[in-house]
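Structure first, then comments.
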Amino acid sequence: MVIIIILGLSIVGEHGQDWDWSGFWMGFVSLSYQMRYDGLIIAFLIPTIAGLYFISKNNRYANTVSIMISGVLISNPLLLAMTDFTSQPYRFIPIVVFFAIGVGMILANQKDKEKTVKEVSRKSK
């Protein structure tokens, strides 16, 4: 991710555009305005990221989903800082998809734990 950001900054720098800090911070402001109607996503974003962190040692894809969610959140400020494009709400549709995948992974992990506990209790009897 860091390599992609550095590569993007070098490409933008070659074409005469500078890094616009006001555009970067406006990207975060527009994120708050555009996500204000997605209360469910906002309410469960931090618990989902925490849940993915806790299952990451048993599930190799949990870190990938966390990075994808973070990438969608940071893409808008980076886009506004490096280009003159506007921030449109449809650019946050992938966060709903990645959020759903993350919640599904957390719930599947809970079911796997319950099966393991039941199997261990049956074997011990």
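The values are calculated or read from the model by the stated rules, or taken from the named source; none is laboratory data. If you're wondering where the values come from, they're calculated on a predicted model, not measured in any experiment. Virtual Cβ from ideal backbone geometry, glycine too; neighbours counted across all protein chains shown.
Give region 72-122 a look and list any residue that's assigned to a helix (DSSP H, G or I), among the β-branched types (Val, Ile, Thr) and at pLDDT below 80, or say none.
THR116, VAL117, VAL120
Just name the residue that is nearest to MET105 (Cα to Cα) out of those in region 74-83 that are of a type outside the set (Ser, Thr, Tyr) and surrounded by 17 or more Cβ atoms within 10 Å (Cβ to Cβ).
Residue satisfying both the conditions and the ranking: ASN76.
Enumerate the pairs (first residue in region 47-71 and modelled with pLDDT under 90; second residue anywhere and part of a loop (DSSP other than H, G, I, E, B)) with beta-carbon separation below 6 Å, excluding pairs fewer than 6 apart on the same chain, so at least 6 apart or on different chains.
ALA62/SER56; ASN63/SER56
Go through region 2-23 and give me each residue that's under 18 Å from the mean Cα position of the chain (by Cα) and either surrounded by 10 or more Cβ atoms within 10 Å (Cβ to Cβ) or modelled with pLDDT under 75 (or both).
Across region 2-23, the qualifying residues are ILE4, ILE5.
Sort out which residues of region 44-60 are surrounded by 14 or more Cβ atoms within 10 Å (Cβ to Cβ) and not in a helix (DSSP H, G or I), and write them in order of number.
SER56, ASN59
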